[in-house]
Amino acid sequence: MTTKKSAELFEKAKNYFPGGVNSPVRAFRSVGGNPLFIEKGKGSHIWDVDGNEYIDFCCSWGPLILGHANNTVLNAVDKTMRNGTSFGAPTRLENELANLILSNNKFIEKLRFVSSGTEAVMSAIRLARGFTKRDKILKFEGCYHGHADSLLVKAGSGLVTFGNSSSDGVPASFVNETISVPLHNKEAVKEAFLKFKNEIACVIIEPVPANNGLLLQGKEFLEFLRIICTENKTLLLFDEVISGFRLSFCGAAGLFNIKPDIITYGKIIGGGFPVGAYGASKEIMSCVSPEGAVYQAGTLSGNPVAMSAGIAQLSQCLANNFYNDLEAKTNYLVDGIMKLNSFKLFKMFKLGSIFWIAFTDKKTITSADDIDPNSMSYFKILYHSLLENGVYLGPSGYEVGFLSSAHSYEDLDKTIKAFGIGLKKLN
Ligand SMILES: *Cc1c(COP(=O)(O)O)cnc(C)c1O
């Protein structure tokens, strides 16, 4: 297997982009080696510029729940763009996608389309602050909410402290409005509400944290958050950019049947195009401009090409048994791999069509602190062995894998075999 052309392109890219990439994890720094430059994708498979073929479990980091180049999505996009790609005026397609989402979702009544997950979360936080007239937000260590300033905050030293910025360029005064606590820790949340009584605008959580490993919280912790937020007139914000339309059509809210006050979406919603959204009750959404005083806008918001891709993708997600089939495939994959597993620290965690590979002797991993950074050395070895055997995962042990409806059982059998080979290299 040669990856010479990818290596050459990466050398060139380093002249153009910081680290040679337009988003950091793509640079392969945590697994070593050069990133693969991708030429094309079809269904569950991708091909790099050197002609190597892989079964893809990255799926563009989640958006491609139907796999690559889905025919229905491509046809919709093609048809729409022939009439022009953007108008900066309303189109029928925005109504259509909104209706598709809202008529199948009992948790939100209105929404607003934006162009990325980051933008959705940033806008949702502003809305929570505008609605409650409070400034502070509470987030959890180990959840990722995009790269808005007030969310690039990691926990400080105490249980309930203001965090530290996790990026240069974020003013301390911003960070001081963000309280960061460990996941799956009721005491820390209770303490924060005591310490900052009537100051917390919203609690933001990935209901199924899947950006720093898969840190399954369970229904009970989320129910606890629902109750404590209601008691304190604090809004509960589910960031479902990754879990929305993934764990069920209504995301984790639907799976657990818990109603947050605001929900953010991204990834799957745009059918592979840059779309995000935030939604809430009519009352909360009425605060958003031009109805209300919370400003938020976007030149390409509700872009017709992206809307038509979203409509084509989400319509297919509404098919009978769509999510059951995805889950069955995921179970088949994980069970198959675990049967072959020859390395005692190797574990797989899963929910719906999301899986995560961990190296640990712990039975469960529910907070960021539970992950041993040294375990990533095992992931590196496994990762490169999988590539050599035609299986592509996101290039970091902190990233989860995704199944799409395009993955066949034949793909899964091949993947199980590739894992068997890779796991033997760890002993
Ligand atoms: C991916 C992700 C984001 C950021 O979305 P972008 O489209 O990359 O800006 C925010 N929150 C969660 C939970 C995500 O998974």
Among residues of the stretch 73-106 being touching a Pro at 6+ places or on another chain (Cβ under 9 Å) and in a loop (DSSP other than H, G, I, E, B), the residue farthest from the ligand (Cβ to nearest atom) is N83
Sort through L64, L102 and tell me the only one that's in the same structural domain as I269 (by TED's automatic domain parsing) and in contact (Cβ under 8 Å) with a residue 60 or more places away in the chain.
L102
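Pull up the stretch 6-26, narrow it to residues that are closer than 26 Å to S404 by Cα and in contact (Cβ under 8 Å) with a residue 24 or more places away in the chain, then point me to the one that is surrounded by the fewest Cβ atoms within 10 Å (Cβ to Cβ).
V25
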Is it fair to say L247 is more than 25 Å from A192 (Cβ to Cβ) and buried (at least 24 other Cβ atoms within 10 Å of the Cβ)?
yes
State all residues of the stretch 247-265 that are small (G, A, S) and more than 16 Å from the chain's Cα centre (by Cα); if no residue qualifies, say none.
G254
Which residue, of L314, L351, L333, is aliphatic (A, V, I, L, M), crowded, with 20+ Cβ neighbours inside 10 Å and closer than 17 Å to G394 by Cβ?
L333
Condition first: surrounded by fewer than 20 Cβ atoms within 10 Å (Cβ to Cβ), among the acidic types (D, E) and touching a residue at least 12 places away in the same chain (Cβ under 8 Å). Now tell me which residues in the stretch 371-415 satisfy that.
D372, E388, D413
From the set of residues in the stretch 40-66 that are outside any strand (DSSP E or B) and surrounded by 22 or more Cβ atoms within 10 Å (Cβ to Cβ), which is farthest from the ligand (Cβ to nearest atom)?
S44
Elements of type helices (runs of 4 or more DSSP H) in the stretch 287-399, at least 3 residues being aliphatic (A, V, I, L, M) and within 21 Å of I65 (Cα to Cα):
304-317, 322-340
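The values are calculated or read from the model by the stated rules, or taken from the named source; none is laboratory data. Quick caveat, the model's predicted, so the values are computed rather than measured. Please note: Cβ atoms are built from the backbone with ideal geometry, for glycine as well, and neighbour counts cover all protein chains shown.
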